[in-house]
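This report refers to the structure that appears directly beneath it.
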Amino acid sequence: MTSFKGIAFAVLFFVAFLYAIEPECPRFVEFFPDPVDTTDDAGEYVEIRLADLPETLFVRLEDKPRITIPNTFGNRLLLHRDSLACPEQDSLDCRKLGGTAIPNSREMFWTLQQGSCADTVYLPQPKAGKVLQLDEFNGTWVYAEPTPGVANSDYEMGIADCGIELVNSAFASGFFEVAVKLSNCDSSIVYYESEKLDLAARHIKDSVKVNKSTIIKIESDGMPERFVAFVPPDDVLRNDTLRTLLVSRKAPPLSFTEVHYCPEEGYEEWVELYNSLPRELELGNFDFCGRGKLYADSVSLQAFESALVAKDTSALRLEIEFNETRILKASFGALKNTADTLALCYAHDTLDVVTFGKETSSVCPKGFNPRTGRKENTPGFQSRELARHGTAPFNVEFSSRSVSLYKHEPIRVRVGTNGNEALQVRWVLVSESGRLVKEDYVEANDDTWFVLPILSEQPGVYFFKCIAGRYEKKYGIVLRP
């Protein structure tokens, strides 16, 4: 076996030397024999760096039947068990791996041929969840993270790789200032877009020439914006695009709306977070300002939705009576009853801070709303106090809440969206038994009065509900004889 390995590494070194002087031939660059997040027959692949050759390409595992691949195109070929899982890239040729299974528990060798070009590789035993990546700089195969269909400039020679990175962002004097820098290149055109998340009409597109680094200034009133910047695509796609959320403490998209820092003995501590946007909000990059992490990188809150965060989500779920309440896992340490502070950050920018202890001791042993300072225990729901403190997504006005069928007095309603051009409010009128009388929508900024169709109903109690995303308010109406 030692002799086999010695020969294999000698051949590999020689082949790697030939690549450096003969780059016009195709070569194996990556193998993924043993994925752990899916089955082998769905996730394993072989990646080949292609050359511009017209001949048919032949690939073979040891003495297995060879795979015939005519008319290759682009600069990379991905032989995949499930070609539907291949990344969508113009320069990527995706083909079926066929019936050839990649061994995941032993050494192996592969060969390819295209015209006068040939490549033979001897691979060590795979590791679960890791690819075997060709390190062209050292002439070895190494264990690395999968990069299906894209170049890996850490290991491959002759790769065009110009990336863009975020240095920091801040809001000051009516501008978001976004500091960006380039990686692996000295200069590039950077294209960028910025879209306000509260007003759909505001969308900026522009570009700037960047030499290593620059600050992009976006005029703003401090409301949240979705920012995207990108450089022209190259061989390494993973760092060509920068996406971030521009936020300020003046108008945080995510904030504390309830804190339970001193529950009854044996119960869980938790805090409630509220998405005040009329858009879905991704929770990645939000944390507790160095005190702990919100484990929600791939989780989103819908428009005006609330979620509870706690260290032990299973225990909290047993305590909460409402199954529809969102509960997320977080680590923020033990909240002190005497005096403590909890802060919410996005990419190191502080958005919201809540302080509790002696001055809020009257709300123990439950929790309180930091906006009102009052005792509250409404997990996952926003109380009526939210509207009074100016953070409700809409406001509702009535001409009356009690009318007489005999006098035939109409009830007029007006639903205002507080200038939010992206918001549509649904309203529902139901009877006390839950029977639907009518439902309709109010478009953004349509502040006209409309008449509720209640006078054709029987006397009794009715409920008028307004819904925007996950935010809902209900009002009682009495129809007298």
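Under the condition of being modelled with pLDDT under 65 and assigned to a loop (DSSP other than H, G, I, E, B), which residue from the stretch 373-419 is nearest to Ser306 (Cα to Cα)? The residue in question is Ser383. Among the candidates Ala307, Ala347, the residue that is among the aliphatic types (A, V, I, L, M), buried (at least 17 other Cβ atoms within 10 Å of the Cβ) and either at pLDDT below 90 or in contact with a strand residue (DSSP E or B) (Cβ under 8 Å, 6 or more places away or on another chain) (or both) is uniquely Ala307. Name the one entry in Leu132, Leu61 that is buried (at least 20 other Cβ atoms within 10 Å of the Cβ) and either at positive phi or among the hydrophobic types (A, V, I, L, M, F, W, C) (or both). Result of the check over Leu132, Leu61: Leu132.
Looking at Thr257, Thr244, just one residue is within 22 Å of the chain's Cα centre (by Cα) and at pLDDT below 95, and that residue is Thr244.
One residue stands out among those in the stretch 201-219 that are of a type outside the set (A, V, I, L, M, F, W, C) and at pLDDT below 90: the one that is nearest to Pro148 (Cα to Cα), which is His203. For the structure I just gave you, tell me whether Gly357 is touching a Lys or Arg at 6+ places or on another chain (Cβ under 9 Å), at pLDDT 85 or above and at positive phi. No; evaluated as a whole, the condition is false for this residue. Any residue in the stretch 107-127 that is more than 30 Å from Pro65 (Cβ to Cβ) and part of a loop (DSSP other than H, G, I, E, B)? No, every residue in the stretch 107-127 fails to be more than 30 Å from Pro65 (Cβ to Cβ) and part of a loop (DSSP other than H, G, I, E, B).
Only one of the numbered conditions (1) crowded, with 18+ Cβ neighbours inside 10 Å; (2) part of a strand (DSSP E or B); (3) among the aliphatic types (A, V, I, L, M); (4) touching a residue at least 40 places away in the same chain (Cβ under 8 Å) is violated by Leu316, and that is (2). What about Asp161, is it closer than 22 Å to Asp135 by Cβ and among the acidic types (Asp, Glu)? It is true that Asp161 is closer than 22 Å to Asp135 by Cβ and among the acidic types (Asp, Glu).
Total residues in the stretch 64-92 satisfying the condition of being hydrophobic (A, V, I, L, M, F, W, C), at pLDDT 80 or above and surrounded by fewer than 16 Cβ atoms within 10 Å (Cβ to Cβ): the figure is 1.
Condition first: assigned to a strand (DSSP E or B) and either basic (Lys, Arg) or under 31 Å from the mean Cα position of the chain (by Cα) (or both). Can you find one or more residues in the stretch 95-105 that meet it?
yes
Per-residue answers, yes or no, for (1) modelled with pLDDT of 85 or more; (2) surrounded by 16 or more Cβ atoms within 10 Å (Cβ to Cβ); (3) assigned by TED's automatic domain parsing to the domain that holds Phe304:
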| position | (1), (2), (3) |
| --- | --- |
| Trp427 | yes, yes, no |
| Gly434 | no, no, no |
| Asp440 | yes, no, no |
| Leu455 | yes, no, no |
| Ile467 | no, yes, no |
| Arg470 | no, yes, no |
| Lys473 | no, yes, no |
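The values are calculated or read from the model by the stated rules, or taken from the named source; none is laboratory data. The model shown is predicted, which means the values in this text are computed figures rather than measured ones. Positions of Cβ are backbone-derived with ideal geometry, glycine not excepted, and every protein chain shown enters the neighbour counts.
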